[in-house]
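Here is the structure we will look at.
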C-alpha cells in the first residue's frame, strides 16, 4: 500500500516536472505567435498585454515594406544548393570511409569531422575577404558555399554511419556479377541508405537555415536569407518591428517542423552523427 | 525461340568470362582516395585557407593599406582586458549553460522514456529548437526587455517588487543569455538522451527490477553508466556550439553591461566588422583557432571513431 502511494506520488511529481517544462517551452512560442497578429501599439507597452486584439492588418504593410518572398527564395536557394553540394561530395566520401581500408583513412575521417569544430568567428574575416575578392559578397552563391562547408562533415559522418549497417554480402554479390564500384555505390548503396541521406539532408538544411554569424557578414542586402533578414526589421521611430520578425520566424519554423516530424525517429542518430542508433 | 535462349546463354557466358576486377592495381588502390578527395579538398579550401589567411593578416595593421605590424597585434591582444574578459565570459557562460542543459535534459529524458506518450513529449520539448537562433533571440529580447513580460510575471508571482532592467546588472544580463540557450538547446541533449535510454537493453533493467532495485537506483547504477559514451559525444557537440554562442549576444546584449556578456565570437566580430581592426581581430581568430584545434585533438579523436566499428 505504501509502495503504491509513493509510486502514485512520484508519477504526479514526474508529470508536474514534465508539464512545467512543457509550459516553459510552449508559452514563449504562443506569445510570439500572438505578436505576429498584434497591432503595433500592443507589442511594446509599459505593461505586457496578454489578451491582445488579433488582426492581420499589419501584414499588408510588412509585405509592402520588405521583400519577404525574396528573403524566402534566397534562403531556399542557398539551403537547397548547399545540401546538394554536401550530398554530392559527402556520399562518395562516406562510402570511401565506410567500405575501404587504406592508409590515412582514420586521419582523413578525423580531419573531416574536425571541421565541425571550426568556429565561425575564426573563418569569418578570411571568408569575408575571399568572397570580396571573388566578387561573391552579398550573393546567394557565397552563402551556399559556406553552408555546404559547414555541413559537409556531419553529412559525411551521418551517411557513413548508415552505410556501415548495410551487410557486405549484398555488395559482394553485385561485385561477382561484375558491377563496378561506382555502380554499386549508385545503384545499391545509395538507395539502401536513403533514410540516412534524407536525415543528413534535413539536418544540414536546418543548420543552414540557422546560420547567423557568417550569414551576417556575407549577406549585406540583396542576399538576405530569413535568419539575417529578420534582424533588420526595424525602422527609425518604429524601433524593432516585432510583428514582422514573428511572421518571418514562423514562416521559417513551419517547414522545419514538418521536416523534423518526418525524420523524428532518425533525428537523434543524425544529430550525433551515428553515435546513437534509434 | 531456342536460338534466342542460346544467344542469351552465350552472352552470359561471355560476361562471366570477363575478369571481375578489371582495373589496374594502382587504380584499385587509389579508388577510395578519389572518392574522398573532393570532400577533403573542399574542406581544406574553406578551412585551411582561412586559417593561413588569418595568420598572415594578424601580422599586419591597417584597413586598406597594410602595414607590417610584427607581433604587435598579439602583444596588444594579450594585454587587452576585453579579450581576457571574452575568454572568461565564454568559459563561464558555457560551463553554466552546458551543466544546466545536461541536468534538465537528463531529468526530462529519464522521466519520459518509459512513458507511453513519449513521442508527444518529444515533439513538444523539441519545438524551441526548431526556430532560427536569431528568431529565438528576438523572442527573448521581447520577453525580457522590450515587452517586460518576464519581470511582469515575476511581479505578479510576488517574487519581484519593481520592474528591473535586465541589461543593467552583470548577473542578470548573463542570466538572460543562459535562459535563451537553455530554452532553445536543452531539446538537443534531451532527444539524444531519450534515444539512448530507449536503445538500452531492457533485460538488464528487468533483471535488476526483479532483484528489488528501485527505478532510481537502476537509473543511476545501470542506465547512466551504460550511456556514458553517448553523453560525452552529446556534450562535446553541444559544447562546440555553446563556445561559439553569437546570435543572442549580437541581438540581445551586444556585450553589455561593460563587456560582461561579450563572448569570444562577439569579440572577433566587434573588433573586425564594427571597429574594422582586421589585423587585431585576426590575431584573436588565430588564438581561438589554436585553442579549438588543441581541444579538438584532445576530445574528438578520443570519442569518435572512423572506419568500421
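None of the figures in this text is laboratory data; all of them are computed from the coordinates on show. Here the structure is a predicted model, which means the values were calculated and not measured. For neighbour counting, all protein chains shown are included, and Cβ atoms are generated from backbone atoms with ideal geometry for every residue, glycine included.
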Q) What shape does chain B have by the C-alpha gyration tensor, where a ≥ b ≥ c are the square roots of the eigenvalues, rounded means a/c under 1.5, and otherwise prolate means a/b greater than b/c and oblate the rest? A) oblate
Q. Considering chain A as a Gaussian network with a 10 Å cut-off on Cα pairs, which listed residue, A:203, A:241, A:170, attains the greatest mean-square fluctuation?
A. A:170
Q: Determine the shape class of segment A:67-271: with a ≥ b ≥ c the square roots of the Cα gyration tensor eigenvalues, call it rounded for a/c under 1.5, and otherwise prolate if a/b is greater than b/c, oblate otherwise.
A: prolate
Q.
Based on alpha-carbon centroids, what's the gap between segment A:192-244 and segment A:164-181 in Å, whole number please?
A. 41 Å
Q.
Let me make sure I get this right: for the protein assembly as shown, a, b and c are the square roots of the gyration tensor eigenvalues over alpha carbons, sorted descending. Under 1.5 in a/c it's rounded, otherwise prolate if a/b > b/c, else oblate. Which is it?
A. oblate
**Q.** MRE, 222 nm, helices only [DSSP H, n ≥ 4, -39500 (n - 2.57), over the protein assembly as shown, to nearest 500]
**A.** -22000 deg cm²/dmol
Q. Going by average Cβ neighbours within 10 Å, how do the peptides A:60-71, B:138-149 rank, with the highest at the top?
A. B:138-149, A:60-71
Q.
Given a 10 angstrom Cα cut-off, can you work out which residue in A:175, A:40, A:160 is the most mobile in a GNM of chain A?
A. A:175
Q: Compare B:274, B:122, B:57 in a GNM of chain B, Cα atoms joined below 10 Å, and give the one with the largest fluctuation.
A: B:274
**Q.** segment A:129-161 versus segment B:102-169: alpha-carbon centroid distance in Å
**A.** 32 Å
Q. Roughly how many Å is it from the Cα centre of segment A:66-86 to that of segment B:197-273, as a whole number?
A. 31 Å
Q: Would you mind computing, in nm to one decimal, how far apart the modelled labels at residue A:138 and residue A:65 are, each placed 7 Å from Cα along Cα→Cβ?
A: 2.2 nm
Q | Crossing angle, helix A:242-262 versus chain A [Cα axis fit, 0-90 degrees, rounded to tens] | A | 30 degrees
